[in-house]
1. Please find, within the stretch 44-78, the residue that is nearest to Ile12 (Cα to Cα) out of those that are of a type in the set (S, T, N, Q) and modelled with pLDDT under 90.
2. For the stretch 73-93, which residues satisfy the criterion of being assigned to a strand (DSSP E or B) and of a type outside the set (Lys, Arg)?
3. Go through the stretch 104-131 and give me each residue that's among the basic types (Lys, Arg) and either under 27 Å from Ile60 (Cβ atoms) or surrounded by 14 or more Cβ atoms within 10 Å (Cβ to Cβ) (or both).
4. Quick check, is Gln13 at negative phi, modelled with pLDDT of 80 or more and assigned to a loop (DSSP other than H, G, I, E, B)?
5. Gly127 fails exactly one of the following numbered conditions: (1) closer than 30 Å to Arg24 by Cβ; (2) in a loop (DSSP other than H, G, I, E, B); (3) at pLDDT below 85; (4) not β-branched (Val, Ile, Thr). What is the number of that condition?
6. Kindly establish whether Arg81 is more than 28 Å from the chain's Cα centre (by Cα) and either of a type in the set (S, T, N, Q) or modelled with pLDDT of 80 or more (or both).
Amino acid sequence: MRKDDITRLVAIQGFSVARTEFSREEIQVETREKEEKLYHKKRHRAKVMRKVPKKVTYLIPRVDIYLQRDEPVYRCSGCGRQYYTYDHCKPYTARDLPYGKWKSVWIHFDKVYVNCDKCGIRVESLGWIDSR
């Protein structure tokens, strides 16, 4: 699949896909399965059903999508003013909804902190993710 196709699939305004990584993620789930045990005591036999904890490991398809900005425009989350410069940025990872067979989807991008004249240093406002 080409990058521009994945960019259209993700459809996040102002961002495009820089690269993608496809892998498998190992998840351990603890389940309780029924186990039948036969007990023998002198002249009696007893059949006992009980639930025993058991760890099951699943391998699920995972995709990591790395985004880059199309334009250097940042919006203050406090007052909504637009800026073309920023104070600092931090890498951020967000979980997304599954895409087809990829059940574990992670989106990676840089979260920008704007030095607003009115509000001070605030995280940028993005419409598609919570600003906290």
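1. The residue in question is Ser77.
2. The answer is Tyr74, Cys76, Gln82, Tyr83, His88, Cys89, Pro91, Tyr92, Thr93.
3. Passing the criteria: Lys111, Arg122.
4. It is true that Gln13 is at negative phi, modelled with pLDDT of 80 or more and assigned to a loop (DSSP other than H, G, I, E, B).
5. (1)
6. yes
The values are calculated or read from the model by the stated rules, or taken from the named source; none is laboratory data. What you see is a predicted model; the values in this text were computed from it and never measured. Because the Cβ atoms are built from the backbone with ideal geometry, glycine has one as well, and the counts that use them run over all protein chains shown.
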